[in-house]
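Note sheet for the following structure.
The values are calculated or read from the model by the stated rules, or taken from the named source; none is laboratory data. Predicted, not measured: the structure shown is a model, and the values here were computed from it. Methodologically, a virtual Cβ is constructed for each residue, glycine included, from the backbone with ideal geometry; neighbour enumeration extends over all protein chains shown. Note: accessible area is taken over every heavy atom of the protein model, side chains too, but ligands, DNA and RNA are not part of it. Shrake-Rupley method; radii C 1.70, N 1.55, O 1.52, S 1.80 Å.
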Amino acid sequence: MQHPKSLALLGAVCSFTVVAAGGVPRGVGPEFISHYQNEDVFSCIGNPSITISLDRVNDDTCDCPDGSDEPGTAACAFIDPLSPEQPLIGSASGTTNTTNSLPGFWCTNKGHIGAYIPFAYVNDGICDYDVCCDGTDEGAHVNGVKCENRCAEIGKEYRRLAEERRENVEKASVKKREMLQQASALLQQAEARVAELEREIKLLEAKKEDLQRKYDQAKSEDRGKLVKSDGGPGGKLGVLVSLAKDRVEELRETLRLVKEDREAVRSKKNELETILKEFKEGYNPNFNDEGVKAAVRSFEDYAAREASADKSEVIESDINEILKEDDETNGVNWKAFDELSDDTDILYDFDAYIPPFIRGVVHDKIKVIRKWLIDNGVIADASKDGSESSAVRAAREAVEAAEQDLRSKNRDLEQARSDLQQKDYGPSDIFRSIKGKCAEIDAGEYTYELCWLEKTLQKSKKGYASTNMGNFERIDVEIADEEERVDGKSLGSGPRMVMRYENGQTCWNGPQRRTNVWLGCAEKEEIWRVTEAEKCVYKMEVGTPAACEHGEAVKNSQQEKDEL
């Protein structure tokens with residue numbers, strides 16, 4: 001690139017004067033100053049064998065293959081490994097397809113923080129105050145743009161915001177310590193819960209064994225009793241009552257399952273109707289897709305049929321009334337049948353014929369003899385299913401109740417152990433302290449909600465059903481590489497925790513929704529931004545004290561002071 005001789009001469013004189021006076025050429029960063037302190041000639045940084053006179057430094061002509069002779073102009077801005085290849089004499093590759101030895105034009109920014117700006121931004125007629133607050137990137141040409149030095153006010157505002165961020169991080173650190181204390185207490189409660197359940201299960205197992213032993217003993221004693229005629233409650237009537245009772249319980253359980261299935265089907269039906277309604281109202285009728293139009297017409301026909309259909313249904317209270325357990329006030333009073341007897345019982349009441357002083361001895365002997373005869377197959381066991389005595393039934397029901405309690409406790413123990421050992425609560429289980437809490441953010445026509453360690457939701461502001469964007473699975477660590485925002489609401493750069501919420505609601509003609517929740521340091525739990533990185537894959541940037549590193553505020557503050 002050539003310029004008028006007057007401008008080139010002016011640039012050469014200025015650059016020579018600066019170097020000769022022992023100064024540093026314009027645009028040279030502090031780590032490269034040593035390369036420009038030779039008072040005789042300048043050696044190209046990337047090609048030391050190539051030397052040029054000092055008056056050719058910053059003369060707006062690219063003389064060195066690596067561009068190091070133009071630290072203060074845009075003359076060598078075209079040198080880039082990705083630029084189209086063009087002949088460049090002296091270059092190691094013979095073309096412009098090389099790397100500039102300098103990272104850019106150095107803005108000293110006295111009163112603020114020095115920074116490099118791309119060479120293409122130098123002398124382009126624009127004051128780039130966001131990087132070069134002292135305006136030194138402009139004004140090297142005659143009649144060029146002059147940018148005032150704003151580093152004093154920009155630096156002051158930067159330091160104010162930096163102090164504000166430091167204070168916020170300090171507060172977040174205090175909040176994080178509180179969260180860790182809460183998480184530790186909750187962890188101890190979870191461990192105590194597991195220990196308590198294990199102790200209760202051991203007691204229940206011992207209790208069940210004792211009840212089972214009593215039940216077996218009651219059945220054994222019941223087998224040794226004399227049998228009445230088949231007409232009594234222990235005969236045909238007893239069998240019939242028992243079978244009827246079992247059948248009623250079976251039908252009641254079936255009705256309960258049907259009721260649950262009906263509720264599930266009703267919920268799915270409502271969800272599908274909502275989706276189709278939203279699809280019908282939101283689709284473009286001018287879009288020539290016969291499949292979509294046919295689906296809309298079918299839904300309209302379905303909606304019309306539903307509107308005119310008979311809405312009579314079984315009253316819910318009637319079903320609930322049937323599902324209640326039988327007792328003296330509801331359903332069948334089975335106890336009345338159990339206590340039923342007839343006038344012939346007196347014939348089998350041996351107590352009426354045996355003197356009282358030998359009654360107990362006779363009863364015991366009869367039971368022992370009869371049990372021995374039954375056990376050894378001499379006589380048949382006349383006892384039948386459904387003819388158990390009240391004592392046997394009470395013992396059996398006690399065993400069944402203990403078994404039910406034991407199953408319930410085992411389920412609770414399994415869940416407690418899974419929560420304690422398998423669920424990912426992050427470093428030091430810190431997210432236990434906010435499990436189940438939710439944060440929201442408004443974004444256009446939707447409200448996005450994050451429920452910690454549970455799920456993410458997309459809520460329509462038009463009243464449609466919420467969309468599940470994923471259920472919590474695990475916590476990973478990934479590297480973030482983003483610029484720091486002035487308000488501090490950014491991920492920055494470095495390793496960051498990422499919560500994976502997966503297996504959400506399936507997209508229309510797409511995969512299941514999932515959300516990657518990236519965590520950054522903040523004083524409180526808040527959602528910063530939500531974007532759809534790809535189809536049905538969402539990215540949430542969220543602030544939380546749990547993501548703050550210990551001592552981060554002090555470290556950042558010290559770095560800023562060092563830079564200033």
Response to the item:
Here the residues within the range 129-159 that are farther than 18 Å from Glu70 by Cβ and among the charged types (D, E, K, R) are Asp130, Asp134, Lys146, Glu148, Arg150, Glu153, Lys156, Glu157, Arg159
Worksheet item: Which members of the range 474-485 meet the condition of being surrounded by fewer than 16 Cβ atoms within 10 Å (Cβ to Cβ) and either in contact with a Cys (Cβ under 6 Å, 6 or more places away or on another chain) or touching a residue at least 40 places away in the same chain (Cβ under 8 Å) (or both)?
Response: Arg474, Glu478
Worksheet entry | Subset of the range 450-494 [among the polar types (S, T, N, Q) and over 19 Å from Glu440 (Cα atoms)] | Ser493
Worksheet item: Of all residues in the range 432-457 being assigned to a strand (DSSP E or B) and free of Cβ contacts under 8 Å to residues at least 40 places away in the same chain, which is most open to solvent (accessible area, probe 1.4 Å)?
Response: Asp442
Worksheet item: Here is a list of conditions, (1) closer than 22 Å to Cys76 by Cα; (2) without any contact (Cβ under 8 Å) to a residue 24 or more places away in the chain; (3) open to solvent by 60 Å² or more (accessible area, probe 1.4 Å), and Glu148 meets all of them except one; can you say which number that is?
Response: (1)
Worksheet item: How many residues, within the range 114-130, are within 18 Å of Phe32 (Cβ to Cβ), part of a loop (DSSP other than H, G, I, E, B) and open to solvent by 20 Å² or more (accessible area, probe 1.4 Å)?
Response: 2
Worksheet item: Being more than 19 Å from Glu523 (Cα to Cα) and exposed (fewer than 13 other Cβ atoms within 10 Å of the Cβ), is that true of even one residue in the range 171-179?
Response: no
Item to complete: Identify the residue in the range 22-43 that is assigned to a loop (DSSP other than H, G, I, E, B) and without any contact (Cβ under 8 Å) to a residue 40 or more places away in the chain and, among all such residues, is most open to solvent (accessible area, probe 1.4 Å).
Response: Glu39
Worksheet entry | Long-range neighbours under 8 Å by Cβ, at least six apart or interchain, first residue open to solvent by 50 Å² or more (accessible area, probe 1.4 Å) within the range 396-425, second of a type in the set (Phe, Trp, Tyr) | Arg396/Tyr215
